[in-house]
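Each remark here refers to the structure printed beneath this line.
The values are calculated or read from the model by the stated rules, or taken from the named source; none is laboratory data. For clarity, every value in this text was computed on a predicted model and none was experimentally measured. We place every Cβ from the backbone using ideal geometry, glycine too, and count neighbours over all the protein chains shown. Accessible surface is based on the protein model in full, side chains and every heavy atom, while ligands, DNA and RNA are left aside. Shrake-Rupley method; radii C 1.70, N 1.55, O 1.52, S 1.80 Å.
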Amino acid sequence: MRYRSVCPYDCPDACGLLVTVENDRAIKIEADPHHPITQGFICGKMRQYQQTVHSPQRLTRPLLRTGPKGSGRFTPISWDEAVQRICSRWQEIIPQYGAESILPYSYAGTMGLVQRNSGHPFFHKLGASRLARTICTPAKDYGWKAVMGDTPALDPAERSKSDLIILWGLNAAATSIHSMAASQAARKQGAQVWAIDTYQTPTCQAVDRAIIVKPGSDSALALGMLQVMVAEGLLDQAFIRDNVIGFEELCGQVLPDCRPEQMAAICGLPADTIRDLARAYAAAKAPLIQVGGGLTRYGNGAMTVRCIAALPAVSGAWQRPGAGLFCGTSTGAAFPLQLVTREDFMAGPTRIVNMNQLGAALNNLNDPKVMSLYVYHSNPAVIAPDQNAVIKGLEREDLFTVVHERFMTDTARYADLVLPATSSLEHPDLYRSYGSYQAQRCSRVIPPVGEAKSNWDTFCLLAEGLGWGEPFFRQSADDLIDQLLAEPNGWRDAAITEQLRQGEPVLMTPPTSPRGPWLTPSGKIELRNERESQPLPCLLPTHAEADRFPLRLQPGVSLYSLNSSFNERDDLLQKRGEPTLLIHPADAAARQLCDEQSVSVYNGFGSIELALQVTEQVPAGTVVSEGVYWLDRSQSGRGINALTSQRLTDCGEGSTLYDVAVEVAAAKK
Ligand SMILES: Nc1nc2c(c(=O)[nH]1)N[C@H]1C(S)=C(S)[C@@H](COP(=O)(O)OP(=O)(O)OC[C@H]3O[C@@H](n4cnc5c(=O)[nH]c(N)nc54)[C@H](O)[C@@H]3O)O[C@H]1N2
Ligand SMILES: Nc1nc2c(c(=O)[nH]1)N[C@H]1C(S)=C(S)[C@@H](COP(=O)(O)OP(=O)(O)OC[C@H]3O[C@@H](n4cnc5c(=O)[nH]c(N)nc54)[C@H](O)[C@@H]3O)O[C@H]1N2
Ligand code: SF4
Ligand SMILES: [Mo]
């Protein structure tokens, strides 16, 4: 039998899948040819998803720790015993330390609305600490909102009408292959495509123009371009007058110090290139800027987005189909998610812990101290910044850690109790996307592997174990999905809602226009935003500038993994090879380092060993390591996040995973 499903991973494409099932096993995964975005092709990671689902490494039974923390020594126990142990430990902790000493930690192992949010009602009722889930791109969202307010994103399908597409800090060839394909299609029709990145990514190799900047310097590029546009009159004065506030102040107070000659050294581009980019941008009829996550994970990330957002505001690009700025879709209002998250279950507001500062929370928080950590669909031991601090916390003997996982991840290795989780083929859910306006419901298509349970079913068991009588926790995940789809709304009419109920992929439409009226407090595009501590777009420093290490590290993504997911797949690991550090020949020569040598990469947070790859793919001054590996691949017992910090973005409390300074030296033998 062949069933429809959806890719559950944290990828903007949210592909539609066709899963062939035989004898309760998935044997083949194909792209859904009738899916409006997927259009018949999926990435290499998911073409063999059955190898993940039926991997011999899948966890199939609850496990109880029998060795020291981190040793990976466990013994299987029953679900009854596991639930009973968790509940009784929490019932000891709560009277002594308070429920806020319990910290949930989850992110995006699955993007389905029900399974992803299953822990919220449970931990709200328990009175646990809450988690600020800000590891990904909150600075991008913040920057957009500071200028554009609640204006919805334009439909990225408009790319077909663009004559210039700028992939700005977006490695689309790796991270959003359907965006890449759409850009390539526009290119075939004559559009120019540029990529602005910090090194030659696979995306850079597939575009008309690759512009390589210094890490965290895009605001200098954007402000330099704006200065040229103003100086040369490449503006739409009528559009500015009717739609924009703050243009005069930007011109008077900021841009005089942003001449290309002044910006050149900051962003690492010749002044003439900045001029040329400004003129070409202004000359395009329908230029579309698509902003990725990369450039926002810095101490100035939100401000960078505000600077970039000024470009289509002053050029007037917003008026034309195919033009404007795309930072991702936000479809939060399309489904009544409060029916799942149940904030009303909280007796009162509880403490919020930033997920980027898990290391500090586990080691330093004393008010109250974190006594129990419950991790589900996330792998903080390797994906969270400042790995040394995180692992030190996970090693605490007095911390009771539960990890609900599909695999024995590095985080699971530190657990007192491990619970086996279902894969997306084993549970139902409702998916939406952050790269388009699609949505799709899917059913479970195979039975759970071993004794695996879904996030939702596990929280229902824990609720029962704690003796909670709420009927809420006696429902099935499908009941919750039915409630999310019970009523049509401004995003999806009755017909589309019915299609969704039937499991068909649909495209929704935001209830208001992406081209105004602008949903900001002033009703205009707010280049000046008085509610911000910096009311105007401006240059802000990155964190790494103040660090004393000379090279900027980019912990980029890999084509063959997704964050720390897919490390179970030998086929993909073979393609990825060992963890490496890409370095420019000049930087290697200055340190007397050669290709393939084992090097130590270090800074004030940690030190790791990597194999060196000397290449002109990276500019001098920048080094790159692609992909997050499980620690079994590491020569030094630590991964790339041993070098990243818990510092946050300027606004939005985001991670600053790319804002890193390091030094490189030959590894000690
Ligand atoms: N294959 C694959 N796909 C993925 C993921 C993965 O790990 N692997 N991760 C998924 C997730 S969770 C997310 S959030 C998205 C992220 O997808 P993207 O939005 O593409 O984000 P990143 O890959 O983090 O960064 C994009 C690019 O920005 C560049 N960059 C870094 N700093 C700067 C800068 O200062 N200026 C400029 N101009 N560029 C900069 C990086 O080198 C990178 O090539 O991808 C998702 N898809
Ligand atoms: N150095 C570096 N660090 C990064 C990044 C980077 O590019 N470089 N990317 C950052 C970004 S953008 C993000 S979004 C975060 C992502 O961080 P995470 O959201 O933690 O993502 P993953 O590493 O993919 O881990 C997800 C885990 O969930 C498990 N899982 C999958 N489905 C289920 C399920 O249904 N139930 C349960 N219980 N478990 C499930 C998977 O087996 C996997 O181990 O990482 C960040 N960290
Ligand atoms: S990871 Fe992204 S591109 Fe690959 S199948 Fe999933 S949604 Fe599609
Ligand atoms: Mo992310």
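Details
- Taking only alpha carbon atoms, segment 193-246 gives an Rg to Rh ratio of 1.12, where Rh is the Kirkwood radius.
- Segment 333-349 and segment 148-172 have Cα centres lying 31 Å from one another.
- Each Lys and Arg adds +1 at its Cβ and each Asp and Glu adds -1 at its Cβ; summed about the Cα centre, the chain shows a dipole of about 540 debye.
- Over all Cα atoms in segment 26-89, the spread is summed up by Rg and Dmax: 18.9, 51 Å.
- Put the Cα centre of segment 19-56 next to the Cα centre of segment 485-524 and the gap is 29 Å.
- Share antiparallel - DSSP beta bridges, segment 460-619, percent rounded to 5: 65 percent
- For the chain, the longest principal axis of the alpha carbon atoms and the long axis of helix 79-97 meet at an angle near 70°.
- Given +1 at the Cβ of Lys and Arg, -1 at the Cβ of Asp and Glu and no other charges, the dipole of segment 444-562 around its Cα centre is 580 debye to the nearest 20.
- Selection from 327, 44, 237, by position along the positive dipole direction of the chain (Cβ): 44
- Here the chain carries DSSP beta bridges of which approximately 45% are antiparallel, counting only pairs with both residues inside.
- For the chain, the mean residue ellipticity at 222 nm estimated from helices alone is -8000 deg cm²/dmol, where every DSSP H run of n ≥ 4 contributes -39500 (n - 2.57) and the total is divided by all residues, rounded to the nearest 500.
- Across segment 523-589, the convex hull enclosing all Cα atoms gives 212 Å³ per residue.
- Degrees between helix 177-188 axis and first principal axis of the chain (Cα, 0 to 90, nearest 10): 30 degrees
- For segment 354-475, the average shadow cast by the Cα convex hull is 9.8 nm², which is a quarter of the hull's surface.
- Solvent exposure ordering (accessible area, 1.4 Å, most first) of 3, 658: 3, 658
- Volume of the Cα convex hull of segment 281-343, divided per residue and given in Å³: 127 Å³
- Relative contact order of segment 544-666, pairs being alpha-carbon contacts under 8 Å that are 6 or more residues apart, as %: 37 percent
- With eigenvalues of the C-alpha gyration tensor scaled by 5 and rooted, segment 544-666, Å: 21, 20, 13
- Charge dipole magnitude, Cβ of K and R +1, D and E -1 - segment 498-565, Cα centre, debye nearest 20: 120 debye
- Debye intensity ratio in log₁₀ form over the Cα atoms of segment 438-487, taken at each q of 0.23, 0.25, 0.26 Å⁻¹: -0.98, -1.05, -1.08
- Working note: Cα atoms of the chain, range along each principal axis, descending, whole Å: 73, 67, 49.
- Pairs with C-alpha atoms separated by more than 30 Å, drawn from the list 69/369; 214/285; 45/392; 45/668; 140/285, are 45/392; 45/668.
- Our note on the geometry: Cα centres of segment 266-324 and segment 63-109, 48 Å apart.
- Extent along the principal axes, Cα only, for segment 1-57: 31, 24, 15 Å, with the longest axis given first.
- Amide hydrogen proximity for residue 401: with H placed 1.01 Å from N in the peptide plane, the residues at 5 or more positions away or on another chain lying under 5 Å are 373, 416, 417.
- Remark: the chain carries 37 Å² of accessible area per residue (probe radius 1.4 Å; ligands, DNA and RNA excluded).
- Stokes-Einstein D (µm²/s) once Rh is taken as the Kirkwood radius of segment 139-181 over alpha-carbon pairs, at 25 °C in 0.890 mPa s: 202 µm²/s
- Quotient of the Cα radius of gyration of segment 154-327 and 2.2 N^0.38 Å, N being its number of residues: 0.96.
- Degrees, to the nearest 10: 138-148 long Cα axis against longest axis of the chain: 50 degrees
- Extension gain, residue 22 back to residue 157 (0.36 nm per residue minus Cα-Cα distance, nm): 45.0 nm
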